[in-house]
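Only one structure is covered here, and it is reproduced in the block below.
Every number here is computed from the coordinates shown, using simple stated rules; none is lab data. For clarity, every value in this text was computed on a predicted model and none was experimentally measured.
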Amino acid sequence: MRFNWSTILGVTLIVATLTCAVLVGRRRGRCGLRRAGEEREMAAHPPERRILVVEDEPAIASFVRRGLIFEGFAVQAIDNGRDALQSIRDNPPDLLVLDLMLPQVDGIELTRRIRAAEAAEGRRQLPILMLTARDSIQDRITGLDAGGDDYLVKPFNFDELLARIRALLRRTTIAATENGEVLHFADVSVDLGARTVVRDGRGLQLTPREFDLLALFLRHPNQVLTRSTLMQRVWGEDFFGESNVLEVVVGNLRRALEAADEPRLIQTVRGVGYVLRES
Ligand code: CA
């Protein structure tokens, strides 16, 4: 049976739009149906995780790009393998969404070159999510063997793409943690490997949530993090609602950080979220 690609795409877009319309009642902030206040909240902080989308089908590239921007990512789209390789060398993203059938350098070859360069230079591996219309078992094996981290077959559901991106980004964060990175801000040091926190020579006892939240702030100093960003990063992708759990954890974290009357570092940005900043 032959599929007309534009028909498949059209049906996918219609289904996605209808799904979003149904979901918007229970999950706010999806699919461009945000309310005005939420748009302001999005604009109040710069996008954080950078995603490069390499896709030569303009409609798909635009659909994915716009969807990811609405989810708060910084997104660049490139339509060929050669320019993508150059862009990754010059300005490596946090994650690559990669179509396999591309002009010039195809996705499999691009992945092999990226992995070879990383191995040669001892760099951390860029998470790669492959997108393709090819769905045979052998194509999946080839993609993953070349160095892809995950694989999604077109036509795909945008929410599934988003869930896979988040899962890959979480894994990357865990890998960085295992490398024993130490973050510093003012007189605070957070050792991600040992999971210890020291402020001005004083060791702090934190719960896992408090620790994760503090580490997130130290990764984004002087940058306003919205409530929804913090909730998603620390509690997972589907934690929406009016719960005050974030306020409680921030309160506990402040008490631990300020136990010896030190100045406040986690500042409230009314109506938006919080920022790690020296007062
Ligand atoms: Ca293609």
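Could you pull out every residue, at least 5 positions away or on a different chain, whose amide H is within less than 5 Å of the one on residue 151? Hs are placed 1.01 Å off N in the peptide plane, and Pro or chain starts have none.
130
Whose amide H sits under 5 Å from the amide H of residue 78, counting only residues 5 or more places off or on another chain, with H placed in the peptide plane?
Counting only residues 5 or more places away or on other chains, the set is 53, 54, 55.
Once phi is turned into θ = phi - 60°, what whole-Hz ³J(HN,Hα) does the Karplus curve with 6.51, -1.76 and 1.60 give for every residue of the stretch 217-228, x standing for Gly and Pro?
With the stated coefficients, the stretch 217-228 comes to 4, 5, 6, 10, x, 6, 10, 6, 10, 6, 4, 5 Hz.
Please list, ordered by chain and number, the residues whose modelled amide H lies under 5 Å from the amide H of residue 181; skip anything fewer than 5 residues away on the same chain.
192, 193
Residue by residue through the stretch 67-76, which ³J(HN,Hα) values in whole Hz follow from phi under the Karplus form 6.51 cos²θ - 1.76 cosθ + 1.60 (θ = phi - 60°), with glycine and proline marked x?
Values, residue by residue: x, 6, 5, 5, 8, x, 8, 8, 10, 10 Hz.
Convert each backbone phi in the stretch 104-114 into a coupling constant with the Karplus relation 6.51 cos²θ - 1.76 cosθ + 1.60 (shift: θ = phi - 60°), then list the ³J(HN,Hα) values in order as whole Hz, x for Gly and Pro.
6, 9, 7, x, 5, 5, 4, 4, 4, 5, 4
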